Amino acid sequence: MLFTKPTKAVGVDIGSHSVKTVQLSRAHGGLRVDNVGYAIIDRAQLNTDAVIAQASALREAMRSMPMAQCLVVGALPGQTVVIRYPRVPEMSDAKLAEAIEKEASQNIPYERSEVFLDWTRLENVNEAGKSQVKVLLVAARYEVIESRVQIASAAELSYSVLGVDSLALADA
């Protein structure tokens, strides 16, 4: 089977009242908006079965978007995700992973077993003569992730990437 790199990306934002989608492609060294989609979530159905209501709105918002060669990017609501920027001494990635686990236990208000944890190095900083690494630490509860995946699955969609909506602009 031949695997090819996606040429387009579809961003999905499932809100409390509506679903918004945008399809982007690369053009002339930048990004071009190819399609947008919007659908209001049926309030009556939301009270009966939230997953079905949101999945129906997601299908409607995606209706005008050709999905061939598309990377589908979903977003977790920022208020459901814990984001921290700890600083730790400069160290190897292996040791940094251990240090992040320790930082997470001190900075995340949930049990470690309840969250998916991810992190990345941001920058090296020199503070008071000590070399430190500023880290982006993100923790999302498994139940929040599962909820988004369940909605997408009910809409017959699969996320390629699941990010945090408050970090989406920086990621773009």
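The values are calculated or read from the model by the stated rules, or taken from the named source; none is laboratory data. Computed from a prediction, not measured in an experiment: that's the story for all the values here. Cβ: placed from backbone, ideal geometry, glycine included. Neighbour counts: every protein chain shown. Heavy atoms of the whole protein, side chains included, go into the accessibility calculation; ligands, DNA and RNA do not. Shrake-Rupley method; radii C 1.70, N 1.55, O 1.52, S 1.80 Å.
Being out of contact with any Asp or Glu (no Cβ under 7 Å at 6 or more places or on another chain) and either within 15 Å of Leu71 (Cα to Cα) or surrounded by 19 or more Cβ atoms within 10 Å (Cβ to Cβ) (or both) is the filter here; which residues of region 20-31 pass it? Steps first, answer last, please.
First pass over region 20-31, keeping only residues out of contact with any Asp or Glu (no Cβ under 7 Å at 6 or more places or on another chain): 21-22, 26-31.
Residues satisfying the conditions are Thr21, Val22, Arg26, Leu31.
Please work out if Ser16 is surrounded by fewer than 11 Cβ atoms within 10 Å (Cβ to Cβ), touching a residue at least 24 places away in the same chain (Cβ under 8 Å) and in a loop (DSSP other than H, G, I, E, B).
Details: surrounded by fewer than 11 Cβ atoms within 10 Å (Cβ to Cβ): yes; touching a residue at least 24 places away in the same chain (Cβ under 8 Å): yes; in a loop (DSSP other than H, G, I, E, B): yes.
Against the criterion (surrounded by fewer than 11 Cβ atoms within 10 Å (Cβ to Cβ), touching a residue at least 24 places away in the same chain (Cβ under 8 Å) and in a loop (DSSP other than H, G, I, E, B)), Ser16 qualifies.
Taking the conditions exactly as written (open to solvent by less than 80 Å² (accessible area, probe 1.4 Å), modelled with pLDDT of 90 or more and of a type outside the set (Phe, Trp, Tyr)), does Ile151 satisfy them or not? Full working, then the answer.
Numbers: open to solvent by less than 80 Å² (accessible area, probe 1.4 Å): yes; modelled with pLDDT of 90 or more: yes; of a type outside the set (Phe, Trp, Tyr): yes.
In short, yes.
Which condition does Thr120 not pass, out of (1) surrounded by 10 or more Cβ atoms within 10 Å (Cβ to Cβ); (2) under 20 Å from Gly163 (Cβ atoms), if it passes all the others?
That leaves (1) as the condition not met.
Which of (1) open to solvent by 70 Å² or more (accessible area, probe 1.4 Å); (2) out of contact with any Phe, Trp or Tyr (no Cβ under 8 Å at 6 or more places or on another chain); (3) not aromatic (Phe, Trp, Tyr) does Asn107 not meet, given it meets every other one?
For Asn107, the failing item is (1).
Filter the helices (runs of 4 or more DSSP H) completely within region 49-162 down to those with at least 1 residues that are among the polar types (S, T, N, Q), under 19 Å from the mean Cα position of the chain (by Cα) and under 30 Å from Gly37 (Cα atoms). Reasoning before the result, please.
Numbers: elements: 50-62, 93-107, 142-154.
Ranges flagged: 50-62, 142-154.
Within region 47-70, which residues are surrounded by 16 or more Cβ atoms within 10 Å (Cβ to Cβ) and farther than 15 Å from Ala155 by Cα?
Cys70
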